[in-house]
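Since the structure comes first, as C-alpha cells, the remarks are kept for the end.
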Amino acid sequence: MKTRVARAIATWFGCGYSPIAPGTVGSLAAVAIAYFLPLRPIYFAALALAMLPVAIWAAGATARQSKLKDPQIVVVDEVLGQWITLAGVTSLNWKSWLAAFVLFRLFDIWKPPPIRRLEALPAGTGIVADDEMAGLYGALVLFVAGCFNLY
C-alpha cells in the first residue's frame, strides 16, 4: 500500500508516465493546478514547503523500488520546483505564467551551479533538491523582472 501511494505521489498521479517529456508534463500539471488555486504567488512557496517531506519520501521510495537513482517517472520534484518559481511572480497574468513555466524548465534542464551538485545528495533528497533550487533561480529572475515591470 505504501509503495503504491509513494508511486502515485512521485509520478504526480500519472503525469510521470508520459512517454514524451515527463518532467515537462509534471511542470504543466503544476501550472494548471496553481492556475485554479485562488492563491497569492507567495503561497505557492508555502505549498511547496508543506509538500517537501512527502515529495522526498515518495521520490526516494520510488527510486528504491525501481532500482534507479533518479527515475524519469518521478515528477513530484518538478511540481514543487514549478510552484517555487511561481512564488517569485509579482503580478499574475498570462506572461508571468508562461515566463514561470519557461524559466523553471530552463533552469531544471540547464542546471547551473550549484544545482547539479545537489543531485549527489542521498536518495529522495537528491532527486528533489535540484529542482527546488531550479525553482528558486526561476523565482529570483521573475521577481527581479517583476520589479522592472517586464511582464
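The values are calculated or read from the model by the stated rules, or taken from the named source; none is laboratory data. Since this is a predicted model, take the numbers as computed values, not measurements. Ideal geometry is used to build each Cβ from the backbone, glycine not excepted, and the neighbour counts take in all protein chains shown. With ligands, DNA and RNA removed, areas are computed over all heavy atoms of the protein, side chains included. Shrake-Rupley method; radii C 1.70, N 1.55, O 1.52, S 1.80 Å.
Note on region 64-77: among residues that are in a helix (DSSP H, G or I) and open to solvent by 20 Å² or more (accessible area, probe 1.4 Å), the one that is nearest to Pro122 (Cα to Cα) is Arg64.
From the list Tyr137, Tyr151, pick out the single residue that is at pLDDT below 95 and hydroxyl-bearing (Ser, Thr, Tyr).
After applying the criteria, what remains is Tyr151.
Restricting attention to region 92-133, the residues that are more than 15 Å from the chain's Cα centre (by Cα), small (Gly, Ala, Ser) and within 25 Å of Gly60 (Cβ to Cβ) total 2. Which one of Val31, Val89 is under 11 Å from the mean Cα position of the chain (by Cα) and over 28 Å from Ala120 (Cβ atoms)? After applying the criteria, what remains is Val31.
Identify, from the list Leu118, Leu92, Leu106, Leu140, the residue that is within 30 Å of Lys67 (Cβ to Cβ), open to solvent by 30 Å² or more (accessible area, probe 1.4 Å) and either out of contact with any Pro (no Cβ under 6 Å at 6 or more places or on another chain) or in contact (Cβ under 8 Å) with a residue 12 or more places away in the chain (or both).
Leu118
Under the condition of being open to solvent by less than 60 Å² (accessible area, probe 1.4 Å), more than 22 Å from Lys2 (Cα to Cα) and either in a helix (DSSP H, G or I) or polar (S, T, N, Q) (or both), the residues counted in region 34-63 number 5.
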